[in-house]
Amino acid sequence: MTSLRMVPLFCLLAAATVTCRHEFPGDGDRSVTDRGADRPAPDAPRDILPGDGPADGPQADKPKPDGPRLDGPKPDKAKSDAPKPDARNDITQGPDKPVMCGATKAGDCFLNLALLCGADGNWHVDCAKCGCLLGGTCVNNNECKVVLNSTADSFTRKSELTNNFGSADTLRVGKVGTYELENSYLDFPVLTSIPSVASIQSAQLKLEVVTWGGPWPVKAEITLVGQAWGEMTITAGNAPAPLAGGPISTATLNWGPNVLDVTAHVAQWLSSSGNVHGLRVGCVDGIPRPSACIKDSGPVCGYVVFPASKENAALATRPVLEVIYK
């Protein structure tokens, strides 16, 4: 028989079991059963005995107490804890393109778009700190430069109202005779490559003439396109009109590389809220504007130049739009 605590006891002996009544001061009477040599040490694990838990007897059928299910679906903290977007920080919001920093602290970069929230509450280009992560590089005096490849380009021929030339490896600009007028259309990812609050410092359309129909350059007119068009669907019959009230400039296209200043065009493109759909480089008919497209110094556009398109095998000759902004 194992030893019992040294307190006043009154024990009744039975075969292999001793039942004792322990008197603990201030605790009333308790009865415990000492199972003799079969009783495990105080810290040792023991077998489950009858009446010890729900695995035995009628307690197994008792329902579990109510409480949170450990195996149930977890609460979605991502949704409940996620901060609500602050419309004041959305630089693409609304037609007016707000420039206030909103809740962002001064000195913080906005979405790594090279835009820094200034102490004056406005966004400022700071590519030295924030970087130009829309595909550009930091140049000059804290300005960003992006070089964009055309996403669509094609040309139309006035005498072929239903023919499409979207898969051709060259574009065409010029006029032969009275009716054969050819214009080119180019689109670039301006709105997704330049922050909407940026200030355009310069924009250059680079076209390389790889073929031409005569020994004279062609004077072309550059306008914004005011309607949507598709590279593989545009024809002379459905060609979009120039943007009403948009900038108009002229440039002379010669053999080899040509750089066309389109700074005003891209500035209006950026602030157009999606109403601009690219650039049109065309030869305007001799009536009523004979000087818009000329051969040499004469009033008639008698030749055509062939700038490379984005399908041209010579990668270095393909059209690009180079923009510097701050």
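This table checks each residue for (1) in contact (Cβ under 8 Å) with a residue 40 or more places away in the chain; (2) charged (D, E, K, R); (3) within 17 Å of Lys206 (Cα to Cα); (4) part of a strand (DSSP E or B).
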{"residue": "Val147", "(1), (2), (3), (4)": "yes, no, yes, yes"}
{"residue": "Ser154", "(1), (2), (3), (4)": "yes, no, yes, yes"}
{"residue": "Asn163", "(1), (2), (3), (4)": "yes, no, no, no"}
{"residue": "Leu181", "(1), (2), (3), (4)": "yes, no, no, yes"}
{"residue": "Ser184", "(1), (2), (3), (4)": "yes, no, yes, yes"}
Counting only residues that are at negative phi and touching a residue at least 40 places away in the same chain (Cβ under 8 Å), the range 126-140 contains a total of 3
Exactly one of Ala220, Ala236, Ala228, Ala244 is within 28 Å of Thr162 (Cα to Cα), in a loop (DSSP other than H, G, I, E, B) and over 34 Å from the mean Cα position of the chain (by Cα), and that residue is Ala236
Among the residues of the range 269-322, the number that are modelled with pLDDT of 95 or more, under 14 Å from Thr223 (Cβ atoms), within 22 Å of the chain's Cα centre (by Cα) and not hydrophobic (A, V, I, L, M, F, W, C) is 2
### Query
Based on what the data block shows, is Thr192 crowded, with 22+ Cβ neighbours inside 10 Å and either among the β-branched types (Val, Ile, Thr) or part of a loop (DSSP other than H, G, I, E, B) (or both)?
no
Mind checking whether some residue in the range 185-207 is in contact with a Lys or Arg (Cβ under 8 Å, 6 or more places away or on another chain) and aromatic (Phe, Trp, Tyr)?
yes
Of the conditions (1) farther than 22 Å from Lys310 by Cβ; (2) surrounded by fewer than 20 Cβ atoms within 10 Å (Cβ to Cβ), the single one that Ile200 does not satisfy is (2)
Within the range 232-249, residues surrounded by 17 or more Cβ atoms within 10 Å (Cβ to Cβ) and of a type in the set (A, V, I, L, M, F, W, C) come out as Ile234, Ala236, Ala239, Leu243
Problem - Residue check, Cys138 at pLDDT 75 or above and either among the hydroxyl-bearing types (Ser, Thr, Tyr) or not in a loop (DSSP other than H, G, I, E, B) (or both) - result: yes
In the set Trp229, Trp212, the lone residue that is closer than 23 Å to Ala152 by Cα, modelled with pLDDT of 95 or more and buried (at least 19 other Cβ atoms within 10 Å of the Cβ) is Trp229
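The values are calculated or read from the model by the stated rules, or taken from the named source; none is laboratory data. Being a predicted model, the structure only gives us computed values, none of them experimental. With ideal geometry, Cβ positions are generated from the backbone for all residues, glycine too; neighbour counts draw on all protein chains shown.
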